[in-house]
């Protein structure tokens, strides 16, 4: 049984980033850049007015100014600036050569036709200077960036219409267990609905990866071997739930061994989610998660999510908040790193939700975060800081 961090490091160490491909900018959200991005021009590309007002020479600010031209965004100045002259200028317009200050419209007093005087000669320059934001050749985004909406204007501004990104892994999802039926079926007295696959596919979809669903596989060795072997031939990753513990019908580790997969993880020291299999054969991977829905959810968040991101070239780091516990907790001594579903109150305190264990999937739907309880801890007092991560 491997400690959480040990198992995670081992899993991530096997991840070989996938090949690169170009995609349309509008379709690049949540994809990972495969190369550094450099800007191809200065930004701003010219001295630009920061506001609506009047442009002139600072040495003429105390004088009456003759307005010789109106300059708006997208128009080049036509007239050359002389002493005691100025321009009416709009936000974003080119500041003409010779002008070194723009005073805002509110500081101007019109004193005649095309005549103006500045009533605030101590004004700031109010000019956005060429290249003050970005210089030609400057790196604006690095390889390994997970593209978010805030990155799209930066890419567009650099003229990148088809960014080079890492390919998304091909993932196939199975549920194993003779007792399972699909959600649309009415279970018999000895059956349960397959809730794990919808959950797992949903978690994968949040990473902008489309997972294929292979269905339910009953606990028959030959059938399991056939389905797994077939899926692993065309998928980068196969994820399944169930069949990974130590029961008589937990056949997945044995089948993977017969398929010549190297089994690197068989159990991890977390609760819920101790039984888990991670196996590799070249650049093909299999993640066998627990059949209990809360366990498989937690295992995905802790292990599968960072692993899938790693295949796409992204170093995923979970958001960990350190907040005070809103009520005292006490339990039996923990022999593993424990995760329980919690909410955060408006006072930024952590409160556990009712939770009956690894099969209590509805507890997750009523929670917003998972709270860590470290190994060996028997109680936490109200007000103590605890680590929580969003779910």
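The values are calculated or read from the model by the stated rules, or taken from the named source; none is laboratory data. Note that the coordinates shown come from a computational prediction; the quantities given were computed from them, not determined experimentally. Neighbour counts are summed over all protein chains in view; Cβ atoms, including those assigned to glycine, are modelled from backbone coordinates with ideal geometry.
For segment 105-139, filtered to residues that are in a strand (DSSP E or B) and touching a residue at least 60 places away in the same chain (Cβ under 8 Å), the residue that is surrounded by the most Cβ atoms within 10 Å (Cβ to Cβ) is 118. Residues that are touching a helix residue (DSSP H, G or I) at 6+ places or on another chain (Cβ under 8 Å) and at pLDDT 95 or above within segment 342-378 comprise just one, 370.
Of all the numbered requirements in (1) outside the structural domain of residue 199 (by TED's automatic domain parsing); (2) in a helix (DSSP H, G or I); (3) in contact with a helix residue (DSSP H, G or I) (Cβ under 7 Å, 6 or more places away or on another chain), residue 339 misses one, and that requirement is (2). The residue that is surrounded by the fewest Cβ atoms within 10 Å (Cβ to Cβ), counting only those in segment 349-373 that are in contact with a strand residue (DSSP E or B) (Cβ under 6 Å, 6 or more places away or on another chain) and in a loop (DSSP other than H, G, I, E, B), is 368. Residue count for segment 39-56, restricted to those that are loosely packed, with under 15 Cβ neighbours inside 10 Å and more than 30 Å from residue 68 (Cβ to Cβ): 1. Do you know which residues across segment 182-217 are part of a loop (DSSP other than H, G, I, E, B), within 20 Å of residue 237 (Cα to Cα) and without any contact (Cβ under 8 Å) to a residue 60 or more places away in the chain? The answer is 206, 210.
Here residue 187 meets each of (1) modelled with pLDDT of 95 or more; (2) more than 24 Å from residue 284 (Cβ to Cβ) with one exception, condition (1). Out of the residues in segment 152-181 that are part of a strand (DSSP E or B) and in contact with a helix residue (DSSP H, G or I) (Cβ under 9 Å, 6 or more places away or on another chain), state the one that is nearest to residue 217 (Cα to Cα). Restricting to residues being part of a strand (DSSP E or B) and in contact with a helix residue (DSSP H, G or I) (Cβ under 9 Å, 6 or more places away or on another chain), the top hit is 176.
For (1) buried (at least 23 other Cβ atoms within 10 Å of the Cβ); (2) more than 20 Å from residue 201 (Cβ to Cβ), each residue gets a yes or a no:
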site: 266; (1), (2): no, yes
site: 273; (1), (2): yes, no
site: 279; (1), (2): yes, yes
site: 283; (1), (2): no, yes
site: 291; (1), (2): yes, no
site: 299; (1), (2): yes, no
site: 304; (1), (2): yes, no
site: 320; (1), (2): no, yes
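Whether any residue in segment 326-333 is in contact with a strand residue (DSSP E or B) (Cβ under 8 Å, 6 or more places away or on another chain), within 23 Å of residue 205 (Cα to Cα) and either surrounded by fewer than 18 Cβ atoms within 10 Å (Cβ to Cβ) or modelled with pLDDT under 90 (or both) is what I want to check. Checking segment 326-333: not a single residue is in contact with a strand residue (DSSP E or B) (Cβ under 8 Å, 6 or more places away or on another chain), within 23 Å of residue 205 (Cα to Cα) and either surrounded by fewer than 18 Cβ atoms within 10 Å (Cβ to Cβ) or modelled with pLDDT under 90 (or both).
Residue count for segment 334-348 satisfying the condition of being within 18 Å of residue 271 (Cβ to Cβ), surrounded by fewer than 17 Cβ atoms within 10 Å (Cβ to Cβ) and under 28 Å from the mean Cα position of the chain (by Cα): 0.
Quick one: would you say residue 306 is at pLDDT 95 or above and either under 25 Å from the mean Cα position of the chain (by Cα) or not assigned by TED's automatic domain parsing to the domain that holds residue 230 (or both)? So residue 306 passes the test. Restricting segment 57-90 to residues that are surrounded by 18 or more Cβ atoms within 10 Å (Cβ to Cβ) and in a loop (DSSP other than H, G, I, E, B) leaves a set whose member that is nearest to the chain's Cα centre (by Cα) is 77. Checking each residue in segment 216-251 for being at pLDDT below 90 and closer than 30 Å to residue 373 by Cα picks out 242, 243, 244, 245, 246, 247, 250.
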